[in-house]
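Single-structure report; data block below.
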């Protein structure tokens, strides 16, 4: 065969990566390329490479598109979650101030205490609603894998 006849014998004493090895490898590659062209296989190989390259490109574009969409969904969920988190934080600060007033003996009668208890219950319901909305906004894994979603009310 053309390649075997022109290939130099392997030298066991030669270092694994010598400049001469790269020249020999380049020469073998050129011989292979020339042999494929002489046999008429070069166009077939070129066509196969073009097909594989196009397929790989389209797959990479598809993965990039899905990744971009997932990132956009995740960022949107985070932004909405930040709004909900601000609501919870503001409500907690108001509730804390109200209960500081109660603990300091500032409540005069049972009716005022009932109003404070009602506002506390309303805040807790709103916090639960914020948590549920945030949980619903989280992007879902289309393959069903990943971490379990937090369950509201638990």
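No lab work stands behind these numbers, since they all come straight from the coordinates. Computed from a prediction, not measured in an experiment: that's the story for all the values here. Cβ: placed from backbone, ideal geometry, glycine included. Neighbour counts: every protein chain shown.
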task: Take the Cα atoms of the stretch 31-89, find their three principal axes, and give me the spread along each one in whole Å, biggest first.
output: 76, 17, 6
- prompt: When 55, 109, 34 are ordered from fewest to most other Cβ atoms inside 10 Å of their Cβ, what list results?
  reply: 109, 55, 34
task: Please say if the stretch 41-130 is rounded, prolate or oblate, where rounded means a/c under 1.5 for a ≥ b ≥ c the square roots of the C-alpha gyration tensor eigenvalues, and otherwise the choice is prolate for a/b larger than b/c and oblate otherwise?
output: prolate
- line: When 135, 58 are arranged by how many other beta-carbons sit within 10 Å of their Cβ, fewest first, they go 58, 135
